[in-house]
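Here the structure comes first, spelled out in structure tokens, and everything after it is commentary.
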Amino acid sequence: MVSVEHDKTVAAMAREEKTFQKAHPKSKRMFNQAKKALMGGVPMHWMTQWASPFPIFAKEGKGCRVTDVDGNVYVDFCLGDTGAMFGHSPRATVSAATKQLRRGITMMLPTEDSIWVGKELTRRFGLPYWQIAMTATDANRFALRVAREATGRSKILVFNGCYHGTVDETLVRLVDGKVEPRTEAMPPPVDPNLTTKIVEFNDSDALRRALEPHDVAAVLMEPALTNCGIVLPESGYLDAVREITHETGTVWIDDETHTWCAGPGGYAKAHGLHPDMITLGKPVAGGIPAAAFGLNKEIFDKTIANMLQPAGVNGAGGTVTGNALALAAMRATLTKVVTNTAFHRMISLAKRFEEGVQRTIRMTGVPWHVIRIGARTEYQFREAPSKNGAEAMAAADFTLSRYMHLYALNRGILLTPFHNMALISPDSTPKDVDMHTQVFNDSIEEILA
Ligand SMILES: Cc1ncc(COP(=O)(O)O)c(C=O)c1O
């Protein structure tokens, strides 16, 4: 079988790093300055995780392109790791947000836009009641809180390989059948054995066993895993999740933050799922921080309905949550940016992206595969698609990934750090996609054994 050679990869990486250094003198200077005041030299530590020796400093993002401070222009398939899935600074969002900036950013008063947004979220995602949050992390925290209140249970369940934001009890892995804190995260405040159960994706027997004691408030899941490479649900698996959560009185929370890439109403709408709660965030306001969580009538009646007046603090939200700017941006984004037409274009180009990668894998003979959910495509360093998080995580190859990413970056392509993932925006073009196919092919040919 054809394979790639580690030593060749390391040597090619060293050359790519030199190339990168030469092309980014201003970014380097800024990084050195920033290190004096910012932890790790960046405002958020993920920004150090690009494959380059230091991050490129951005000057501008527009549509599917990013220009850095050294004047290099990139075709962006990272798109802010989904925050800009519908393109950087979409015109309609910018226009609505600019108007709102002059009319009051945050007043702790509802605006008319909020009514429209609530109704639209119901129309798209099917759940009757919604609340705004600032980030998807927030939305997940609040959803878990509501589920605990609704069930009177304290534990939650997540899947091996998951990521749902910096929600303490979800930063876990399944190790030798036990729940363990993720080793790279700061230590959890509470032993995850007290808060969390964890099972493998696509294993309905394990899920049933975990929920049978009736002590789990909520199953928090992506309908397809996207944070350890893409893992698709096997046929009938999500029906089993619905059935088991129903039978055990467990709330099923569907985190659509990434899987919204499946279509205008997310994976749930595209595949006819009926979760009890849905969370989403990242691109919902075109990149302006905003998120939302929705729930069914039964949970609403058991919880929030009784808390609204005059509770003061119900445990979800904060001072600037649901601000006028975010709602204006959400309304414009949902009306004019996240349209059926946009999705049609994104998905058909993502198919082209997938086919290009697939063709290269076949022609070079490397034992990899490529997989896609709507506008999101990812290749993994194993021959067959992964069945669960353990398989997907075992296929990760840090050195190889970094080489592929830096090779692409040096040739004008941004891929998402910590994933081999590409998102197609409504502004991406066939030429952009074909450029990726060529660069992907060239990067592999250099390191073949
Ligand atoms: C599925 C999922 N949910 C929630 C989050 C948290 O999003 P944020 O970091 O914007 O709070 C992420 C982040 O990557 C995610 O992948």
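Taken together, the values in this text are just the output of simple stated rules run on the coordinates, not laboratory data. For clarity, every value in this text was computed on a predicted model and none was experimentally measured. Heads up, the Cβs are rebuilt from the backbone with ideal geometry, glycines too, and the neighbour counts pull from every protein chain shown.
Table for the structure above
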{"item": "Straight-distance crosslink candidates among aspartates and glutamates, where the alpha carbon sits under 19 Å from Lys297 and sequence neighbours closer than 8 are dropped", "result": "Glu120, Glu149, Glu243, Glu247, Asp254, Asp255, Asp276"}
{"item": "Contact order normalised by residue count of the chain, Cα under 8 Å, 6+ apart, percent", "result": "25"}
{"item": "Zone of Ala23's modelled label, taken as backbone nitrogen in the range 377-409 under 13 Å from a point 7 Å along Cα→Cβ", "result": "405-409"}
{"item": "Using θ = phi - 60° and Karplus 6.51 cos²θ - 1.76 cosθ + 1.60, couplings along the range 170-179 (whole Hz; Gly, Pro as x)", "result": "9, 7, 9, 9, 8, 10, 6, x, 10, 7"}
{"item": "Relative contact order (%) - the range 158-202, alpha-carbon pairs under 8 angstrom, separation at least six", "result": "44"}
{"item": "Top of Ala97, Ala390, Ala37 by mean-square fluctuation, Gaussian network on the chain, Cα under 10 Å", "result": "Ala37"}
{"item": "Theoretical gain in end-to-end length, Val175 to Ile115 [0.36 nm per residue, Cα-Cα removed]", "result": "17.1 nm"}
{"item": "Karplus-derived HN-Hα couplings along the range 70-80 (A = 6.51, B = -1.76, C = 1.60, θ = phi - 60°), whole Hz, x at Gly and Pro", "result": "8, x, 6, 10, 10, 7, 9, 9, 8, 6, x"}
{"item": "Other-chain or far-sequence residues with amide H under 5 Å of Ala218's (modelled H)", "result": "Leu157, Val251"}
{"item": "Spatially near lysine pairs across the range 1-158, Cα under 26 Å, sequence gap of 8 or more or different chains", "result": "23"}
{"item": "For the range 124-250, size of Cβ-based charge dipole, Lys and Arg +1, Asp and Glu -1, in debye", "result": "340"}
{"item": "Exposure proxy ranking, count of Cβ atoms within 10 Å, fewest first, for Val313, Val357, Val10, Val337", "result": "Val313, Val10, Val337, Val357"}
{"item": "Per residue, the convex hull volume that the Cα atoms of the range 153-214 enclose (Å³)", "result": "87"}
{"item": "Computed helical MRE - 222 nm, the chain, DSSP H runs ≥ 4 contributing -39500 (n - 2.57), nearest 500", "result": "-12000 deg cm²/dmol"}
{"item": "Proximal charge balance of Glu180 [Cβ under 13 Å; K/R count +1, D/E count -1]", "result": "0"}
{"item": "Residue order, fewest to most surrounding Cβ atoms within 10 angstrom, among Cys228, Cys78", "result": "Cys78, Cys228"}
{"item": "Rough spin-label spacing in nm, given labels placed 7 Å along Cα→Cβ, for Asp397 and Glu184", "result": "1.8"}
{"item": "D_trans [Stokes-Einstein, Kirkwood Rh over alpha-carbon pairs] for the chain, 25 °C, 0.890 mPa s, µm² s⁻¹", "result": "108"}
{"item": "Computed lengthening from Val320 to Asp239, 0.36 nm per intervening residue step minus Cα-Cα distance", "result": "25.4 nm"}
{"item": "Top of Arg103, Arg208, Arg124 by mean-square fluctuation, Gaussian network on the chain, Cα under 10 Å", "result": "Arg103"}
{"item": "Packing-based exposure ordering (other Cβ within 10 Å, fewest first) of Glu383, Glu149", "result": "Glu383, Glu149"}
{"item": "Cut-off 17 Å, label 7 Å out along Cα→Cβ of Glu446, residues of the range 11-35 by amide N", "result": "11-24"}
